[in-house]
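Shown next, in structure tokens, is the structure this report addresses.
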Amino acid sequence: MPDILQKAIIDNQITVLALNSTSSVNKAIKLHDLSPVAAAALGRTLTVTALMASGFKNPTDYVTAVVKGNGPIGSITACADGKGNVKGCVDNNAVETTLREDGHLDVGGAVGKTGKITVIKNIGLKQPYIGTSNLITGEIAEDFANYFAVSEQQPCAVSLGVKLAKGKCVAAGGLLIQVLPQCGEELLSEVEKRAGMIKEISNSFYTTPDPRQVIDNIFGDLPDVVYALPSSVRYKCDCNISRIRRLVLSLGRQEAFDIVKEQGCIEVQCHFCGKKYRLEQQDVEQLFDKKSK
Ligand SMILES: [Zn+2]
């Protein structure tokens, strides 16, 4: 079952995006055998990346977000496209941290509080857009809110959450609230007040899985809330053999043949879905012969 993403516009002044990402997070847990805190960190990053991609105009538009802090999880990578596909991986899937004093998973402790977010967007322009910002807390939501403000000059409120029970994700989701330039002070402070009252967005999606209903519960009584048609999001890897061939070509002839000599073939495993690709010696020869012609 795909996840559902809902967009709403409040009085033509504020955009609210809500995504219930429970299925995608469960797929990530299964593929990567994630520890609870790794599931929370990657789940939040997958959710915000899918929310970022929801504004894309073309199906081939693509965003990659990399969170690299000084914590034991290492790098977190998430990618999403204009078709609603999202995927991700972490360096250390087994990372464990002690629980915080409030009993919650210590995502900031796993990610680290010092480091960077880098976002690369390929949206059909000659050059990709690359933005970067510093981490604030390592809790992901605050870090991305800061990224949007600093790097994209887009003031946003970001709420992200992953709720786990017995190794499974029972609810995950996120809200991205974007303030449009024409937004008036009065509506802004009201929306800020309500956004500030959301303590755990994963609980909202736990009790109310429908993202439209989640928006309605928080903002429904404000004037002129217009809902767009919902769209679907799913964890899906877009790896294929031609991508692997390009990767092998990028190694260069010398290194590629060194690997073949040592191992008899070149085996590549996709970081995002675990699929294994195997290029035999003759495949590698063909690949470089074709290139040199
Ligand atoms: Zn893959």
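Compute the relative contact order of the chain as a whole-number percentage, counting only Cα pairs closer than 8 Å that sit 6 or more residues apart in sequence.
Relative contact order for the chain comes out at 23 percent.
Report the chymotrypsin sites (Phe, Trp or Tyr not before Pro) located in region 205-293 that are in a DSSP loop and have at most 16 other Cβ atoms inside 10 Å of their Cβ, or state none.
Within region 205-293, no chymotrypsin sites (Phe, Trp or Tyr not before Pro) qualify (loop, at most 16 other Cβ atoms within 10 Å).
Can you list the trypsin sites (Lys or Arg not before Pro) in region 61-163 that are in a DSSP coil and have 12 or fewer other beta carbons within 10 angstrom?
The qualifying sites are R100, K126.
Can you tally the net charge around F56? Count Lys and Arg as +1, Asp and Glu as -1, for every other residue whose Cβ sits under 13 Å from the Cβ of F56.
+2
Where does the chain land at 222 nm, in deg cm²/dmol rounded to the nearest 500, when only DSSP H runs of n ≥ 4 count, each adding -39500 (n - 2.57), divided by all residues? Display every interim value, and only then the final one.
Working: 10 runs with 108 residues, N = 293.
That comes out to -11000 deg cm²/dmol.
Which helices, counted as full DSSP H runs in the chain, have an axial Cα extent of no less than 20 Å and a Kyte-Doolittle average of 1.0 or above?
Membrane-span-like by this criterion, though nothing is claimed about a membrane: 36-53.
Just so you know, all these numbers are worked out from the coordinates, no wet-lab data involved. Fair warning: this is a prediction, and the values are worked out from it, not measured in the lab. When we count neighbours, we look across all protein chains shown, and the Cβ atoms used for this are built from the backbone with ideal geometry, even at glycine.
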